[in-house]
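The values are calculated or read from the model by the stated rules, or taken from the named source; none is laboratory data. Every value quoted in this text rests on a predicted model; they were computed, and no experiment measured them. Because the Cβ atoms are built from the backbone with ideal geometry, glycine has one as well, and the counts that use them run over all protein chains shown. Heads up: the accessible areas ignore ligands, DNA and RNA and are worked out on the full protein's heavy atoms, side chains in. Shrake-Rupley method; radii C 1.70, N 1.55, O 1.52, S 1.80 Å.
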Amino acid sequence: MNGKTHEAVGVASALIAMHGAGRKEMIIGCLVASAAATIPDVDLIDNRKGQGIQMVVEVIKQSMIPLGFALYYRVETALVVGWIGLMIFLVLQPHRGFSHSICGMVITAGLFRAMTREWLIPWYLVSYGSHLLLDLLNTKSVQILWPKGFCFNWVKSGGITDWVIGAIASMVIVAILIGRMQGLDMVQVLVEEVAKW
């Protein structure tokens, strides 16, 4: 899946899972979800040209939001260095390798938790997990049970299905946010309607 699809599905998934969150928590949570949805692709590097510069750009890109939280919460310098070191380790791995594993998700979430607050972890895990699940649908193997890799071979990254999934996720985000602005928890309303059946 492409990055935009991962972001949309990650944020939509987190909004659904954390639908009872307050407005401030939701805004911050969406920011975390947006970052976590793309962290597994830190290892996505074009091997043809500019690889060194691309690696630096990816490490910086995937570190901006987590390190922003680290600065806000004034964490120890060792944690910041640890995060950057982890991103460097991940950027050097083959694509859809360790960063696309449950083990990689747990390690990055643990370090993210050490730099932030506990209540942000569900937003992080749901969004990161959505990335792993989406990539399992892909035509290329994902090492979700690292180093064991597999895939369902259903969707081609960048294809029409990829676009449709991203568009649906974007519509879900808009519906949830509009509902919240109107004072409605759309997910709760849906759950209650399904329970009536």
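Please quote Rg/Rh for segment 1-116 to two decimal places, taking the Kirkwood radius as Rh and restricting both calculations to Cα atoms.
0.97
Where the centroid of each part is defined by its Cα atoms, how far is segment 147-176 from segment 1-67 in Å?
Comparing the Cα centres of segment 147-176 and segment 1-67, I get a distance of 15 Å.
Any idea what the relative contact order of the chain is, in percent, if you count C-alpha pairs under 8 Å spaced at least 6 apart? Working shown, then result.
Numbers: 277 pairs, mean separation 60.1, N = 197.
Relative contact order, the chain: 30 percent.
Give, in nm to one decimal, the length gained when the segment between Ala167 and Ala114 is fully stretched (0.36 nm per residue of separation minus the Cα-Cα distance).
Taking Ala167 through Ala114 to full extension adds about 15.7 nm, to one decimal.
Considering only lysines 8 or more places apart in sequence, or on different chains, count the pairs in the chain whose C-alpha atoms sit under 16 Å apart.
4
Considering the dipole of segment 1-123 built from charges on the beta carbon (Lys and Arg +1, Asp and Glu -1) around the Cα centre, which of Ala8, Leu111, His95 is farthest to its positive end?
Ala8
Can you pull the semi-axes for segment 112-156, root of five times each eigenvalue of the Cα gyration tensor, sorted largest first, whole Å? Don't skip to the answer; put the middle values down first.
Details: eigenvalues 145, 27, 6 Å².
Taking √(5λ) for each eigenvalue gives 27, 12, 6 Å, largest first.
Give me the number: length gained by fully extending Met181 to Gln54, i.e. 0.36 nm times residue separation minus the C-alpha to C-alpha distance, one decimal in nm.
Length gained between Met181 and Gln54: 41.8 nm.
Whose amide H sits under 5 Å from the amide H of Val155, counting only residues 5 or more places off or on another chain, with H placed in the peptide plane?
Residues meeting the criterion, in which the H sits 1.01 Å from N, are Asn138, Thr139.
Net charge within 12 Å of Gln143 by Cβ-Cβ distance, Lys/Arg positive one each and Asp/Glu negative one each, not counting Gln143 itself?
Local charge sum for Gln143: +1.
At q = 0.15, 0.16 Å⁻¹, what log₁₀ I(q)/I(0) does the chain have when each alpha carbon counts as one equal point scatterer in the Debye sum?
Debye curve over Cα of the chain, log10 I(q)/I(0) at q = 0.15, 0.16 Å⁻¹: -0.94, -1.05.
Helix check for the chain. Which DSSP H runs span at least 27 Å along their own axis by Cα, with a mean Kyte-Doolittle hydropathy no less than 0.0?
Numbers: long enough: 51-72 (31 Å, 0.90); 160-181 (31 Å, 1.88).
Passing helices, by number: 51-72, 160-181.
Could I have the simple spin-label model distance between Trp197 and Glu76, label points 7 Å from Cα toward Cβ, reported in nm to one decimal?
Using points 7 Å along Cα→Cβ, the separation is 5.2 nm.
Counting only helical runs of four or more DSSP H residues, what would the 222 nm mean residue ellipticity of the chain come to if each run contributes -39,500 (n - 2.57) and the total is spread over all its residues? Walk me through the numbers before you get to the answer.
Numbers: 8 runs with 129 residues, N = 197.
About -21500 deg cm²/dmol.
Going by accessible area, probe 1.4 Å, with all protein chains left in place, what is the ranking of Thr161, Thr77, Thr108, Thr38, largest first?
Values: Thr161 65, Thr77 105, Thr108 0, Thr38 25 Å².
Listed by decreasing accessible area, they come as Thr77, Thr161, Thr38, Thr108.
Looking at segment 1-65 from every direction and averaging, what is the projected area of its Cα convex hull in nm²? List each step's numbers first, then the result.
Working: hull surface 18.7 nm².
For segment 1-65, averaging the hull's shadow over all directions gives 4.7 nm².
Give me the accessible area per residue for the chain, probe 1.4 Å, as a whole number in Å².
Value returned for the chain: 54 Å² of accessible area per residue.
Distances longer than 18 Å among the Cα atoms of segment 139-197: what percent of all pairs is that? Don't skip to the end; give the middle numbers.
Details: 1031 of 1711 pairs.
Summing the P(r) tail past 18 Å for segment 139-197 gives 60 percent.
Using per-residue counts of other Cβ atoms within 10 Å, averaged over each peptide, order 60-68, 170-178, 16-24 from highest down.
Final packing ranking: 60-68, 170-178, 16-24.
Using only the alpha-carbon atoms of segment 66-164 as identical scatterers, what base-10 log of I(q)/I(0) does the Debye formula give at q = 0.13, 0.18, 0.19 Å⁻¹?
-0.53, -0.88, -0.94
With each pseudo-label sitting 7 Å past Cα toward Cβ, what's the Phe150-Leu133 distance in nm, one decimal?
If labels sit at Phe150 and Leu133, their model points lie 1.8 nm apart.
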